[in-house]
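In what follows, a structure is listed as structure tokens, so that the remarks can point back to it.
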Amino acid sequence: MAAVEHFDVIVIGTGAGGGTLAYRLAPSGKRILLIERGDYVPREKDNWSTKAVNLEGKYNTREVWRDAAGGELHPHTNYWVGGNTKFYGAALFRLRREDFGEIKHWGGPSPAWPISYEDLEPYYSQAEHLYQVHGRRAEDPTEPPASAPYPHPPISHEPRMQQLSDDFARLGLKPFHVPLGVMLNEQNPRASRCIRCETCDGHPCLVYAKADAQVLCVDPALEHPNVTLLTHAYVSRLETGPSGRDVRRVIVERDGVTEAYSADIVVVSAGAINSAALLLRSANDKHPRGLANGSDVVGRHYMGHVNSVLMAVSKCPNPTVFQKTLALNDFYFGATEWDFPMGHISFVGKLDGDTLKAGAPAIAPGWTLELMAKHSLDFWLTSEDLPDSNNRVTIDRAGNIVLTYQPNNEEGHTRLIEKLKGLMKQQTKCRVHGHECHEGLFARSLYLGQRIPLAGVAHQNGTIRFGHDPETSALDVNCKTHEVDNLYVVDASFFVSSGAVNPALTVMANALRVGDHLLERLK
Ligand SMILES: Cc1cc2nc3c(=O)[nH]c(=O)nc-3n(C[C@H](O)[C@H](O)[C@H](O)COP(=O)(O)OP(=O)(O)OC[C@H]3O[C@@H](n4cnc5c(N)ncnc54)[C@H](O)[C@@H]3O)c2cc1C
Ligand code: SF4
């Protein structure tokens, strides 16, 4: 192995957490090394092919994990510069203020965070600016207070979505525009980077108009001469000094060669599953259960949301191109007849026949997949799953990832589905088919072959939780490990509870917060 090159900071992973942190640290002039196992997503027509992306999984990792029974698990996750933000739907929500406190759910308590909403609020505003969020304040009834307006106006609804929004409002609900990180300028279309296409959610953006961590954070960070990026560089292990109190070497496998790097500060941001696996793989005699894992929480409390995709099929077609503009949070904390949280209702990108082949719904009588997709509104329902210590990431003898997961807190989700069914029956009569237009709701199976909740890993979080108590958490409130003085974690691992809105903005805001702490420490 060649001589070890030393940096001020090493950041492992370039997604929502690592990319955002690099952006915050770059102007400091400190020597920063970003280590990313993937490459840049190639810019090619397949970026926008639903066949290539959804049916063939062209950009998914080919890595094979295991489930608890030893069965093969093909995770739906992506290893590229920018991490999963290259593929995300860019729905950029703040957690609700209440999510930071303890909340009673049907399935048990959702625990309180060691920081309050107010602690994170300034960073949410900064993250919304950095990721160019388009939205409108005060429409969403559960929205927490914000110190700044959204930097851009909301993305407008297309006619079918506007009609549904009007129907929901007529029923006394408060539909709102989804806060979205797409660089669409509807006021001046010729100046708009985004062209409002149908292949956004789940796809990389061919024209770099999605607010992802590569385009908005990693590439700008690399304009600073003090920042270096290694791609195709897989971090296999972290090694400590003899006391076990500091990481001395970051071991990297790159192009078939093993290399080592060192830094004053090492930040792990490989995604909640890979970060936990890395710490577990890095066990040594001072850390026999895994690095920084005296508490035995590393890898535990894996959460990924309880999610469903539901297609509301109508006799009339749904010609919407960009469907992800509308959401409902009226049942986030419950309803008059049910005292427990149910969750969040929004949309996935418009489904098509190819996408449906990868997780076919029960086909409505007399319909084909292609036809169903042309006539459906495609809902995305999210409910909170609770941090069960038995839902966990472990590694097998060969160092491969094993994911053990039993869904929990499902009753609220079932009731949310029932609510949506009820609402869809009350849509305005269509002029051609009257109330008969609506054919019902069909679940799209998210789980290929029903093997494992694959889609669950898209919202992975909670595996290296932060907290005040080293007995029950692995990270302190600054996301530094309790046991290793120069080791931090800034991806979605730090979550204590998952809330029921999409996680990325919270990861980004927290990375900015930890970034400020590190800038102080590096002074
Ligand atoms: C299809 C899809 C749609 C989504 N839609 C939304 C949405 O609309 N809104 C939302 O808020 N969230 C969404 N998400 C989730 C969102 O993308 C994640 O919450 C977010 O990216 C998590 O950030 P992270 O930093 O924890 O991990 P990631 O963004 O996954 O970054 C981890 C990085 O670490 C790298 N890495 C992993 N292991 C190693 C290693 N050993 N060595 C070196 N590098 C390594 C990976 O290649 C990756 O670049 C979506 C996800 C998917 C897959
Ligand atoms: S909708 Fe806009 S941001 Fe999304 S993929 Fe299309 S052009 Fe890119």
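A few remarks follow.
- Test: residue in the stretch 203-215 that is more than 19 Å from the chain's Cα centre (by Cα), over 24 Å from residue 486 (Cβ atoms) and more than 16 Å from ligand 2 (Cβ to nearest atom): no
- Residues in the stretch 467-486 that are more than 17 Å from residue 274 (Cα to Cα) and either among the aliphatic types (A, V, I, L, M) or not in a loop (DSSP other than H, G, I, E, B) (or both): 477, 480, 484.
- Test: residue 295 is away from ligand 1 (no atom under 12 Å from the Cβ), part of a loop (DSSP other than H, G, I, E, B) and farther than 27 Å from residue 90 by Cβ: yes
- Restricting attention to the stretch 79-117, the residues that are at positive phi and surrounded by fewer than 18 Cβ atoms within 10 Å (Cβ to Cβ) total 1.
- Options 158, 118, 139, 186: the member that is touching a strand residue (DSSP E or B) at 6+ places or on another chain (Cβ under 6 Å), away from ligand 1 (no atom under 16 Å from the Cβ) and modelled with pLDDT of 95 or more: 139
- One residue stands out in the stretch 491-509 among those that are in a loop (DSSP other than H, G, I, E, B), more than 17 Å from residue 464 (Cα to Cα) and open to solvent by less than 10 Å² (accessible area, probe 1.4 Å): the one that is farthest from ligand 2 (Cβ to nearest atom), namely 500.
- Some residue of the stretch 221-237 being without any contact (Cβ under 8 Å) to a residue 40 or more places away in the chain, part of a loop (DSSP other than H, G, I, E, B), more than 15 Å from ligand 2 (Cβ to nearest atom) and of a type outside the set (D, E, K, R): yes
- The residues in the stretch 211-230 that are within 16 Å of ligand 1 (Cβ to nearest atom) and out of contact with any Leu (no Cβ under 9 Å at 6 or more places or on another chain) can be counted, and the count is 5.
- Test: residue in the stretch 198-206 that is in contact (Cβ under 8 Å) with a residue 12 or more places away in the chain and farther than 21 Å from residue 50 by Cα: no
- Tally of residues being of a type in the set (A, V, I, L, M), under 19 Å from residue 15 (Cβ atoms) and buried (at least 24 other Cβ atoms within 10 Å of the Cβ) across the stretch 236-280: 12
- The set of residues in the stretch 41-66 that are among the aromatic types (Phe, Trp, Tyr) and away from ligand 2 (no atom under 16 Å from the Cβ) contains only 65.
- Test: residue in the stretch 202-211 that is of a type in the set (Lys, Arg), more than 28 Å from residue 354 (Cβ to Cβ) and modelled with pLDDT of 95 or more: no
- In the stretch 172-202, of all residues being on the phi > 0 side of the Ramachandran plot and touching a Phe, Trp or Tyr at 6+ places or on another chain (Cβ under 7 Å), the one that is farthest from ligand 2 (Cβ to nearest atom) corresponds to 202.
Conditions tested, residue by residue: (1) in a loop (DSSP other than H, G, I, E, B); (2) open to solvent by 60 Å² or more (accessible area, probe 1.4 Å); (3) without any contact (Cβ under 8 Å) to a residue 40 or more places away in the chain; (4) not polar (S, T, N, Q).
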site	(1), (2), (3), (4)
8	no, no, no, yes
14	yes, no, no, no
24	no, no, no, yes
42	yes, no, yes, yes
54	no, no, no, no
62	yes, yes, yes, yes
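The values are calculated or read from the model by the stated rules, or taken from the named source; none is laboratory data. Please read all numbers here as calculations on a predicted model, not as lab measurements. Note: ideal-geometry Cβ built from the backbone for every residue, glycine included; neighbour counts use all protein chains shown. Note: accessible area is taken over every heavy atom of the protein model, side chains too, but ligands, DNA and RNA are not part of it. Shrake-Rupley method; radii C 1.70, N 1.55, O 1.52, S 1.80 Å.
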